[in-house]
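The values are calculated or read from the model by the stated rules, or taken from the named source; none is laboratory data. Here the structure is a predicted model, which is why all the values come from computation and not from measurement. Quick reminder, even Gly has a Cβ in these numbers, built from the backbone with ideal geometry, and neighbours come from all protein chains shown.
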Amino acid sequence: MPFFLIFRRNSGFTLIELIVVISLFSIMLFFAIPRFQGSVFQDNTKQVSRWIIFKVQTLKEKAVRDQLRYVLHINLDTNTLWTTHDAMSEEDRQAAQANGFRLPTDVNLLDVEYPDENKVLGGQADIHFYKKGYSDNAIIHVENSHNEQHSFIIEPFLTRVRMVQEYIELND
C-alpha cells in the first residue's frame, strides 16, 4: 500500500478524540461563564456595598492607629461619600469632598438613621469614628434601580459592618 494512502487514512480525528476535546472545552466554559457574568453583568449594588463595608472598617482602624477622629460624610442629595479627619486643612477637606465616592446612577442613598429614630433624609449626614476605637451607631440605607433595599449597620464597638438585604431600622 502506498504511503500517501496510509497518511490519508490517519489524518482525521477519531470519535474519542473529538469527545475528549469537546468535554474539555465544556469544562472550561462551565468555570469561565459564571465568572464572566459576575464581573460584567452585575449591578452596581455590589460595588457600593464593598466600598461602604471596606471604608467603615478602614476608618475604625485608622482612627485608633493615627489617634485622630475620622468622619464619613454622606451627602444624600448628591449620592456622594467622602472621609475627613481632624488634622486636615480646609483645602484638604474640600478636595476630599470633590474627589469623594459618587454612587452609580442606579444606586441611591435613601437615608442615614441614628438611635432614637433620628433619620437624615436629605442634605449631609456624618458618622464619626473616634480614636478610642468606637464609632457612632448608624444605619446607611441604599436602594438600587430594581427597588432592592440594603441596610449597612455600623455598630459602635464592632469593626465589621453588617449588611442586610432589606430596609431595617435600629429598633428592629
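Residue count for the stretch 87-127 satisfying the condition of being among the charged types (D, E, K, R) and within 17 Å of Ile74 (Cβ to Cβ): 6. One residue stands out among those in the stretch 106-123 that are in contact (Cβ under 8 Å) with a residue 12 or more places away in the chain and surrounded by fewer than 14 Cβ atoms within 10 Å (Cβ to Cβ): the one that is farthest from the chain's Cα centre (by Cα), which is Glu117. Find the residue count for the stretch 72-99, including only residues that are more than 18 Å from Gln57 (Cα to Cα) and either surrounded by fewer than 12 Cβ atoms within 10 Å (Cβ to Cβ) or within 21 Å of the chain's Cα centre (by Cα) (or both). Final tally of qualifying residues: 14. Please work out which residue is farthest from Thr80 (Cα to Cα), limiting yourself to the stretch 128-172 and to residues that are touching a Phe, Trp or Tyr at 6+ places or on another chain (Cβ under 7 Å) and of a type in the set (Ser, Thr, Tyr). Only one residue fits best here, namely Tyr134.
When each of Ser151, Ser145, Ser135 is tested for being in contact with a Pro (Cβ under 9 Å, 6 or more places away or on another chain) and small (Gly, Ala, Ser), the lone residue that passes is Ser135.
Inside the stretch 148-169, residues that are within 18 Å of the chain's Cα centre (by Cα), in a loop (DSSP other than H, G, I, E, B) and closer than 13 Å to Glu113 by Cβ make up a count of 1.
Output the residue which, of all residues in the stretch 25-58 that are among the polar types (S, T, N, Q) and in a helix (DSSP H, G or I), is modelled with the lowest pLDDT.
Restricting to residues being among the polar types (S, T, N, Q) and in a helix (DSSP H, G or I), the top hit is Ser39.
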